[in-house]
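The values are calculated or read from the model by the stated rules, or taken from the named source; none is laboratory data. These figures come from a predicted structure and were not determined experimentally. Methodologically, a virtual Cβ is constructed for each residue, glycine included, from the backbone with ideal geometry; neighbour enumeration extends over all protein chains shown. Note: areas computed on protein heavy atoms with side chains; ligands, DNA, RNA excluded. Shrake-Rupley method; radii C 1.70, N 1.55, O 1.52, S 1.80 Å.
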Amino acid sequence: MIPMVDLKTQYHDLKAEIDAAVLEAIESTQFILGPNVQAFEKEAAAYLGVPHAVACASGTDALHLAVVAAGIGPGDEVITTPFTFIATAEAICYAGATPVFVDIDPRTFNIDPALIEAAITPATRAIIPVHIFGQPADMAAIKAICERHNLLLIEDCAQSFGAAAGDAMTGSIGSLGCFSFFPSKNLGCYGDGGLVTCATPELADELRVLRNHGSRVRYHHSVIGFNSRLDDIQAAILRVKLKRIDQFNTGRRRVAHLYSDMLKDVATVPFEDGKGIHVYHQYTLLTDRREQVMARLSEKQIASAVYYPIPLHKQDVFAAACAGVSLPVAEDVANRCMSLPIYPEMPDDAVRQVAEAVKGALVG
Ligand SMILES: *Cc1c(COP(=O)(O)O)cnc(C)c1O
């Protein structure tokens with residue numbers, strides 16, 4: 001069986017170091033926002049090239065805290081992509097604001113900057129691009145639109161730890177950047193975890209207050225906040241893995257490039273323009289014969305998956321609000337996309353085996 005992801009190999013590679021870090025965190029008994037959390041926030045900020053990083057309980061919370069810290073609320077509209085995990089839109093809705101979906105670029109599957117301005121209204125407050133599958137969104141164009149219309153830019157970097165758009169790391173370009181450490185993400189912990197990056201000390205302070213019950217001084221509450229903190233044990237694990245993130249992402253890129261070399265003539269393989277760094281959270285191709293390919297892979301004990309089969313404007317939860325909304329590129333991509341197994345340690349022969357099976361289904 002070739003799985004979509006293999007977390008065990010990486011754990012076994014790092015077992016001695018991770019086990020020691022976890023045991024030390026337990027021994028310290030500073031379980032919530034302990035010394036590893038503080039150290040991890042500093043190390044992550046340094047890696048990402050941002051002045052401030054605030055850890056929290058999940059990627060979904062990172063987005064929610066960012067939207068609230070940005071002052072977005074009822075009556076506000078936030079422009080985002082329909083081709084993402086539901087959490088991007090959930091965070092907007094949690095704050096009482098309305099997500100407005102703009103169609104995607106068929107090459108990158110990211111929000112298409114050329115279509116954004118037509119969706120801006122007097123109620124628009126922010127744009128949340130998602131660096132989907134680890135592919136950086138067109139941040140130069142999106143940032144220019146934000147500056148022209150005085151909108152906040154919040155990046156959903158849940159799938160893009162270590163990716164770069166141009167020379168800048170994703171998460172360092174907008175006012176706020178939101179990361180997830182869900183175990184299968186490029187940088188994953190062994191439970192739930194998240195992080196918000198931001199450019200100003202005011203936003204960092206607001207995020208720290210919001211994640212801890214609206215409290216700056218213990219038992220003094222200035223706003224209604226949340227319980228959204230990173231565990232010290234998770235931070236200890238993340239510190240071990242952060243040191244290797246470039247190596248992990250290089251491994252993903254090796255796998256992806258081998259796939260693309262073997263499959264470029266039979267399917268639409270992921271786009272890279274050489275301007276940024278795609279970190280391949282997923283390896284996702286387009287084919288008109290998805291069912292056939294997935295059935296063939298399954299016969300050969302090879303996993304595959306569809307991320308995402310239904311764009312957000314077509315989800316039941318948004319169907320009424322989005323009645324009459326047509327986003328043809330996202331709809332077409334959702335009908336033809338499929339993702340192949342990828343993880344940093346995936347051996348070349350397994351990659352070749354998967355690619356041969358895909359080819360066999362499409363050519364044979
Ligand atoms: C995983 C993910 C999230 C949510 O992260 P969690 O840590 O699972 O809450 C948000 N946005 C995108 C694009 C994701 O892939």
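To the nearest µm²/s, what D does Stokes-Einstein give for the chain at 20 °C and 1.002 mPa s, using the Kirkwood radius over alpha carbon pairs as Rh?
Once the numbers are plugged in, D ends up at 102 µm²/s.
Add +1 for every Lys or Arg and -1 for every Asp or Glu among the other residues with Cβ under 15 Å from the Cβ of Phe85, and state the total.
Around Phe85, the charge tally is -3.
May I ask what percent, to the nearest 5, of DSSP beta bridges between residues of the chain are antiparallel?
Values: 24 of 39 bridges.
In the chain, DSSP labels about 60 percent of beta bridges as antiparallel.
Can you flag which of Lys8/Lys359; Lys243/Lys300; Lys185/Lys359; Lys143/Lys359; Lys241/Lys359; Lys275/Lys300 are past 31 Å Cα-Cα? Before the final figure, lay out the partial values.
Details: Lys8/Lys359 28 Å; Lys243/Lys300 36 Å; Lys185/Lys359 27 Å; Lys143/Lys359 40 Å; Lys241/Lys359 35 Å; Lys275/Lys300 37 Å.
Beyond 31 Å: Lys243/Lys300; Lys143/Lys359; Lys241/Lys359; Lys275/Lys300.
Name the residue, out of Thr29, Thr197, Thr98, whose mean-square fluctuation peaks in a Gaussian network model built on the chain with Cα pairs under 10 Å.
Maximum fluctuation in the GNM of the chain, among the listed residues, is at Thr29.
Sequence gap at least 6, Cα distance under 8 Å: using those rules, report the relative contact order of the chain to the nearest whole percent.
22
Quick one: which of 241-247, 351-357, 7-13 comes out on top by average Cβ neighbours within 10 Å, and what's the full order, highest first?
With the highest mean Cβ count within 10 Å placed first, the list reads 351-357, 241-247, 7-13.
Per residue, how many Å² of accessible area does the chain show with a 1.4 Å probe?
It amounts to 42 Å² per residue over the chain.
Hey, any idea what % of the chain's accessible area is carbon plus sulfur with a 1.4 Å probe?
Working: 8140 of 15300 Å².
Heavy-atom surface of the chain belonging to carbon and sulfur, 1.4 Å probe: 53 percent.
Run the dipole for region 245-362 about the Cα centre, Lys and Arg Cβ at +1, Asp and Glu Cβ at -1, nothing else charged, and hand back the magnitude in debye, nearest 20.
60
Sort the following peptides by mean Cβ neighbour count (other Cβ atoms within 10 Å, averaged over residues), highest first: 260-266, 107-113.
107-113, 260-266
What do the square roots of 5 times the Cα gyration tensor eigenvalues come to for region 122-223, in whole Å, largest first, as semi-axes of the equivalent ellipsoid? Don't skip to the answer; put the middle values down first.
Details: eigenvalues 123, 84, 21 Å².
Whole-Å semi-axes of the equivalent ellipsoid: 25, 21, 10.
Could you identify which residue out of Gly188, Gly71, Gly174 has the top mean-square fluctuation in a GNM of the chain using Cα springs shorter than 10 Å?
Highest fluctuation among the options: Gly71.
Test of understanding: what is the full-extension gain from Arg216 to Ala119, defined as 0.36 nm times their sequence separation minus their Cα-Cα distance?
Here the answer is 31.1 nm.
Can you bin every Cα-Cα distance in region 9-152 into 10 Å intervals starting at zero and give me the percent of pairs per bin, rounded to whole numbers?
P(r) for region 9-152, in whole percents per bin: 10, 30, 31, 17, 10, 1.
Using a Gaussian network model of the chain whose springs link C-alpha atoms within less than 10 Å, name the residue from Glu77, Glu202, Glu155 with the highest mean-square fluctuation.
In this elastic network of the chain, the residue with the biggest mean-square fluctuation among Glu77, Glu202, Glu155 is Glu202.
Quick one, can you get me the convex hull of the C-alpha atoms of region 245-362 expressed as volume per residue in Å³?
133
Given Cβ point charges of +1 (Lys, Arg) and -1 (Asp, Glu) and nothing else, what value in debye, to the nearest 20, does the dipole of region 1-46 about its Cα centre take?
In total the dipole reaches around 100 debye.
State to the nearest 20 debye the size of the charge dipole of the chain about its Cα centre, where the only charges are +1 on K and R beta carbons and -1 on D and E beta carbons.
Details: 30 positive and 42 negative charges, 57 e Å.
Dipole about the Cα centre, nearest 20: 280 debye.
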